[in-house]
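Here is the structure we will look at.
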């Protein structure tokens, strides 16, 4: 009796997937600890006016690191910022654009978006990586992808993995695959899997199964169970069934229905525990995989 596993019938299993994704938006930062609003107000009340710009810069850095309490404190502070004082500091700042960026944030917080954008651009031009990222995000909201690209590149090269993920996805969807690779790799190493999965899919569609496997592996390592299933399909199709089983199991244990079906089939084919096989097939069936239901019926028929 032959059970059916997803991917075997196609010479290009990597092409069987979701349609090409849209350029992703930056996800919300992960909180690394937050402060109660009352604590924030107490801290702000105790800051001398002359020191507020420095304190605001410290809060900005903490907010950039994902501290939600710092983000709230920064918004409160900038809404009442001394714009002339911040402007003087920005005009005399010969550093990396930090003062100009702080001024841009304050102007935006006070509803002066045009002035804020002008200083944001100046800060980015001076090399402030957060300003480069914010400017890119602003341009992307206007569908100005070509103008956003160099600022995403600047932010990514400064270590911003979200900028790397967005830039990588933009380049991949434009079929600039080789150019995308370093940014996609940077994003995947930081746990952002979608660009690597899409790059793997594009290589697969072009018939380059070796490169497809490389990038699906990176996406799977970054936590994408669908990519782990794709790696398993590629390995199984070339006869590396033992390694394929490892990747199918990884996909299945992460809740991917197709991976669960494929894992169950390989278990069955190597005379695995029938109860374990049925358990994974039931997971796959509940996930909507038609082959899993057929496979369950075939196994149960042999047990009668």
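Restrict the check to the range 95-102 and report whether at least one residue is more than 29 Å from the chain's Cα centre (by Cα), surrounded by fewer than 23 Cβ atoms within 10 Å (Cβ to Cβ) and farther than 18 Å from residue 162 by Cα.
First, the residues of the range 95-102 that are more than 29 Å from the chain's Cα centre (by Cα): 95, 99.
Filter once more, keeping what is surrounded by fewer than 23 Cβ atoms within 10 Å (Cβ to Cβ): 95.
Checking which are farther than 18 Å from residue 162 by Cα leaves us with 95.
Checked the range 95-102: at least one residue is more than 29 Å from the chain's Cα centre (by Cα), surrounded by fewer than 23 Cβ atoms within 10 Å (Cβ to Cβ) and farther than 18 Å from residue 162 by Cα.
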Of everything in the range 276-302, what is touching a residue at least 40 places away in the same chain (Cβ under 8 Å) and in contact with a helix residue (DSSP H, G or I) (Cβ under 7 Å, 6 or more places away or on another chain)? Give them in sequence order.
289, 291, 295, 299
Going by the conditions given, is residue 234 free of Cβ contacts under 8 Å to residues at least 24 places away in the same chain, in a helix (DSSP H, G or I) and either on the phi > 0 side of the Ramachandran plot or not assigned by TED's automatic domain parsing to the domain that holds residue 182 (or both)?
no
From the list 65, 85, exactly one residue is out of contact with any strand residue (DSSP E or B) (no Cβ under 6 Å at 6 or more places or on another chain), surrounded by fewer than 19 Cβ atoms within 10 Å (Cβ to Cβ) and under 23 Å from residue 159 (Cβ atoms). Which is it?
65
Those residues of the range 100-111 which are touching a helix residue (DSSP H, G or I) at 6+ places or on another chain (Cβ under 8 Å) and under 13 Å from residue 78 (Cβ atoms) amount to 101, 102, 103, 104, 105, 106, 107, 108, 109, 110
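The values are calculated or read from the model by the stated rules, or taken from the named source; none is laboratory data. None of these values were measured; they are calculated from a predicted model. So basically every Cβ, Gly included, is an ideal-geometry build from the backbone, and we count neighbours across all protein chains shown.
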